[in-house]
Amino acid sequence: MERLLEVKDLQTSFFTYAGEVKAVDGVSFHVDQGEAIGIVGESGCGKSVTVQTVMRLIPTPPGKIVGGSITFLGKDIVNLSEKEMQAIRGKEMGMIFQDPMTSLNPVLTIGLQLTEVLKRHEGLSGQAANKRAVDLLELVGISNPESRLKQYPHQFSGGMRQRVMVAMALTCSPKLLIADEPTTALDVTIQAQILELMRDLKNKINTSIILITHDLGIVADLCSRVLVMYGGKIIEKGSVDDIYYNPQHPYTWGLLKSIPRLDASEKGKLVPIPGTPPDLLNPPKGCRFAPRCEHCMKLCTEQMPEYTAINDGHHVACWLQHPQAPKVAFEGRG
Amino acid sequence: MAKFLLKRIASALLVLWIVVSLTFVLMHSIPGGPFSREKQVPPAVLKNLEERYHTNDPLSKQYIDYMVNVAQLDLGPTFRYEGRSVNDLIKAGLPKTATIGFLAAVFALGGGLILGSIAALWQNKTPDAVATFVATIGISVPSFVMATFLQYYLGYKLGLFPPVGWNDGAWRNLVLPSLALGAYPIAQITRLMRASMLDVLSQDYIRTAKSKGLPGYVIIGRHAMRNALLPVITYLGPFFAYILTGNFVVEYVFGIPGIGQFFVTSITNRDYSTIMGMTLLFCSLLVVFNLLVDIAYTFVDPRIKLTDQKGA
Amino acid sequence: MKLAQDLFEPAISQISAEHINRPSTTMLQDAWRRFKLNKLAMTGLITLVALIIFAFAGPAFIDYNFKTNDLMNTYLTPSWIHPFGTDALGRDTMARIMYGGRVSLAIGFVSVLINLSIGVFYGGISGYFGGRVDNIMMRIVDIIYSVPDLLYVILLMVVIGGKGGLLIIMIVLGIVNWMGMARIVRGQILALREQEYVLAARTLGASTARLMLKHLIPNALGPIIITAALAIPMAIFMEAFLSFIGIGIQPPFASWGSLAAEGRLNIPSYPYALFFPAAAIAITMLAFNFVADGLRDAFDPKMRK
């Protein structure tokens, strides 16, 4: 079965007046039909830029795809013309953004923002389009959809707006849905609802999902595989079980340790990862995580670590995997 | 909505009343009456004039009389032009002023919106540089300089358009004054539109629109435009005020007998009643227009509801 | 792949955990740095400085002053002796432009100083106290604001102006224009006082005056400076306008506006008398606009690259 999306060695940089910022520096992954994967990492690690590059949404000055390939449904995304991309966006690929308040146009009705997609990609208009829009709103769990069509974004609550975003992205039943931190701006309870919604829809429509988040906690629920990114690179990838039960990279350990746990003792402290993300204008020579890693070795600061395969599908980029390196165990979770 | 309107009208009337009273007080505190500019007037004639115009009545009586008249839309006689009332002057001059003002407004709004959008869409490239340059010139060069400049070059030197005169509204006579009047606002609107459009284009909802596969012209025309227009609409109030006051100088320079010119002459002549009448007219027009702008704003931006809340 | 074993020794972190990438600067220093980078803005600034020197120091270098009549030499075209020509009474135009420049520029700066003081004071109080005080104060401003300022200026000049003295014009312009500044200051203070550092200072026991002077106003400086920078050309323009229609500066004193008015009388035959003062006004306003734009960009935190 052909892969839905294949990204090989993607490099996206931003050319600012201060120099070239390598936001995505050699990222490779794939997504199959009907599966959900998660991309996890801190702010600024390149996860949003990666998926926005897949949809060619990066503004082209100052951004640029400097290397690598993206293949979607057999098509070479990097070299498609803008017009051809417009045919794919909204139809085969859809995206949900982080902040539903700013991501919806405040002066247009929800109905219009839904039907314009239908008009554009499926040639529907008028009554037919409105009917489909109503169906979509129902699908995402919004009550009184007919009257909602004529309302404006500011008349919806945060959770409902995000549902509308989901509806908008799914209008044409795309093969791939990209959710860029869809729940970060929402309350925890609403978070759960949106995630459940996404899971239901994935099962109903068999759409593939890329879920981006900085919260490892929500990934396990929805995704089967996880990519952990740091400093523009993927530092560990594997199945959810691999990552949660056999994490190998110190950064992944840091992420797992910093999740508050219901069963932790009351006296325990939350453990943050010390330090700040790397400056992508002048990235460090070796491993990007080295300055903040408590297991940092001299080798780490001088050479970029290679990928080691732990098992089929579980890969880590860390010098601790080298046979000559000291053995370090993860003391975080069971 | 009705409550809002009533409130606004009430406060508008308050403003007008304050303005008229202030103007009245100011006018009558000038040493030397309206006739002190005349050549030596024989005392008997002077006495007659004073009686005719009631200038010797106690101030309070003059004030009340005036207020009563104003309420009946009678602005009184002018002191300068025998036998003509201020209302007459206004009737004669307003259409001319309005024509030029309207043309200038159309020029400024249309041109400004287009130039500003172009500048934003081709940011930092040649069209942007040109538009911004033109805009900066328009903002910096004062209206009377622009007016005299246009008059000299296009009027006298190149003879393209008649440099002075109204000529019964012949279209050739309208061009230079409208251009001169519209120069500053078109620059202002261009800059405003450019900044606004740039801001809108960087918003998240534009990115969402793009992610839906909408083509460029739909994104600009439907998603961006309406949002970008909002600050421009807010500018319309001061814009109108500018057109009003800018007319003074334009009519003065180009010799158009509109209310602007009458106002300026009435100042030099210390013609009280005309000054007051004109001031009242200007302020009324402004107030009405501002109200209309506020109402228009609510049609464009669905987030605004008409209450009496003034934005912070 | 076998590597040297010592490469696997633990390394001391080269970058400290809390490494800060840029040295900190004060807001003003930062803004000045950004301003300097802006070529247009710097050009504007240099032009202004040049104009000021021209107007204030210039007369020391030339032989003519603005009063000497020389009826034999009226309306001369520009030449080496009279670089800007002469006017209707044979006075040297360049000298008159220099003196006129003093007047116009002085009026611009002083009236804005007045307008700044009133505006910052009024707006500061209104914004700081908020609530009813703010409401009433702003209502008053709104009412006064409904009338175009040009109208006020004209009316006031008609009444008080009389002979159009320098001081009177400065005061009138200052009095009429403070409202814009007051609004801006009030808006800033209103927003700033909700910030946490104000709350922090308050809990430490800072008095109102201290809060205002040390915390609120310095942080509002950005928009204040920009508004002032825009107010100066406005004031110069208004004075020029007034003189142009005859209720500003009267001869033999000159300002650029009055010179333009005189020059206008003879356009078809002798355009130079109008051209030079008009150019002076236009260049000044252009320069101020570039400077103001530069200031706006320099103070805008969103432009931080």
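The values are calculated or read from the model by the stated rules, or taken from the named source; none is laboratory data. Quick caveat, the model's predicted, so the values are computed rather than measured. Cβ: placed from backbone, ideal geometry, glycine included. Neighbour counts: every protein chain shown.
Data table
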read-out	value
Breaking point among (1) among the aromatic types (Phe, Trp, Tyr); (2) surrounded by 19 or more Cβ atoms within 10 Å (Cβ to Cβ); (3) free of Cβ contacts under 8 Å to residues at least 12 places away in the same chain, for residue B:156	(2)
Criterion (crowded, with 16+ Cβ neighbours inside 10 Å and modelled with pLDDT under 90) met by exactly one of A:114, A:177, A:137, A:124	A:124
From A:240, A:219, A:228, residue being in contact with a Cys (Cβ under 7 Å, 6 or more places away or on another chain) and β-branched (Val, Ile, Thr)	A:240
Where residue B:164 falls short, out of the listed (1) among the aliphatic types (A, V, I, L, M); (2) part of a helix (DSSP H, G or I); (3) in contact (Cβ under 8 Å) with a residue 40 or more places away in the chain	(2)
Residue satisfying all of: in the stretch B:198-208; assigned to a helix (DSSP H, G or I) and within 7 Å of chain A (Cβ to nearest Cβ); nearest to residue A:169 (Cα to Cα) among these	B:208
Residue list for the stretch A:140-162, restricted to those being away from chain B (no Cβ under 11 Å) and either under 20 Å from residue A:107 (Cβ atoms) or out of contact with any helix residue (DSSP H, G or I) (no Cβ under 7 Å at 6 or more places or on another chain) (or both)	A:143, A:144, A:147, A:148, A:149, A:156, A:157, A:158, A:160, A:161, A:162
Only one of A:179, A:220, A:167 that is among the small types (Gly, Ala, Ser), assigned to a helix (DSSP H, G or I) and in the same structural domain as residue A:280 (by TED's automatic domain parsing)	A:220
Qualifying residue in the stretch A:187-207 (condition: in contact with a His (Cβ under 9 Å, 6 or more places away or on another chain) and either at positive phi or not acidic (Asp, Glu) (or both))	no
Verdict on residue A:108 being part of a loop (DSSP other than H, G, I, E, B), facing chain B (nearest Cβ under 8 Å), free of Cβ contacts under 8 Å to residues at least 60 places away in the same chain and aliphatic (A, V, I, L, M)	yes
Test: residue in the stretch B:243-261 that is under 23 Å from residue C:241 (Cβ atoms), in contact with an Asp or Glu (Cβ under 7 Å, 6 or more places away or on another chain) and in a helix (DSSP H, G or I)	yes
Members of the stretch C:246-305 that are under 21 Å from the mean Cα position of the chain (by Cα), assigned to a helix (DSSP H, G or I) and at pLDDT below 80	C:296, C:297, C:298, C:299
Checklist (1) out of contact with any Pro (no Cβ under 6 Å at 6 or more places or on another chain); (2) surrounded by fewer than 19 Cβ atoms within 10 Å (Cβ to Cβ) applied to residue B:183, failing item	(2)
Single unsatisfied condition, residue C:147 versus (1) buried (at least 20 other Cβ atoms within 10 Å of the Cβ); (2) in contact with a Leu (Cβ under 8 Å, 6 or more places away or on another chain); (3) modelled with pLDDT under 80; (4) in a helix (DSSP H, G or I)	(4)
Sole exception among (1) part of a helix (DSSP H, G or I); (2) at the interface with chain A (Cβ under 9 Å from one of its Cβ atoms); (3) surrounded by 22 or more Cβ atoms within 10 Å (Cβ to Cβ) for residue B:214, by number	(1)
Residues located in the stretch C:197-209, provided they are modelled with pLDDT of 70 or more and part of a helix (DSSP H, G or I)	C:197, C:198, C:199, C:200, C:201, C:202, C:203
Some residue of the stretch B:233-251 being within 14 Å of chain A (Cβ to nearest Cβ) and more than 25 Å from residue B:24 (Cβ to Cβ)	yes
Only one of A:305, A:323 that is assigned to a loop (DSSP other than H, G, I, E, B), modelled with pLDDT of 85 or more and more than 27 Å from residue A:261 (Cβ to Cβ)	A:305
Exclusive hit being under 30 Å from residue B:269 (Cβ atoms) and not hydroxyl-bearing (Ser, Thr, Tyr), set C:172, C:112	C:172
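Listed here are the residues, each with its yes/no results for (1) at pLDDT below 85; (2) polar (S, T, N, Q); (3) closer than 21 Å to residue A:26 by Cα; (4) touching a helix residue (DSSP H, G or I) at 6+ places or on another chain (Cβ under 6 Å).
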position: A:242; (1), (2), (3), (4): no, no, no, no
position: A:253; (1), (2), (3), (4): no, no, no, no
position: A:275; (1), (2), (3), (4): yes, no, no, yes
position: A:280; (1), (2), (3), (4): yes, no, yes, no
position: A:289; (1), (2), (3), (4): no, no, yes, yes
position: A:298; (1), (2), (3), (4): yes, no, no, yes
position: A:312; (1), (2), (3), (4): yes, no, yes, no
position: A:334; (1), (2), (3), (4): yes, no, no, no
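Conditions (1) modelled with pLDDT of 90 or more; (2) on the phi > 0 side of the Ramachandran plot; (3) under 20 Å from the mean Cα position of the chain (by Cα), marked per residue:
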{"site": "B:70", "(1), (2), (3)": "no, no, no"}
{"site": "B:78", "(1), (2), (3)": "no, no, no"}
{"site": "B:87", "(1), (2), (3)": "no, no, yes"}
{"site": "B:90", "(1), (2), (3)": "no, no, yes"}
{"site": "B:93", "(1), (2), (3)": "no, no, yes"}
{"site": "B:105", "(1), (2), (3)": "yes, no, yes"}
{"site": "B:141", "(1), (2), (3)": "no, no, yes"}
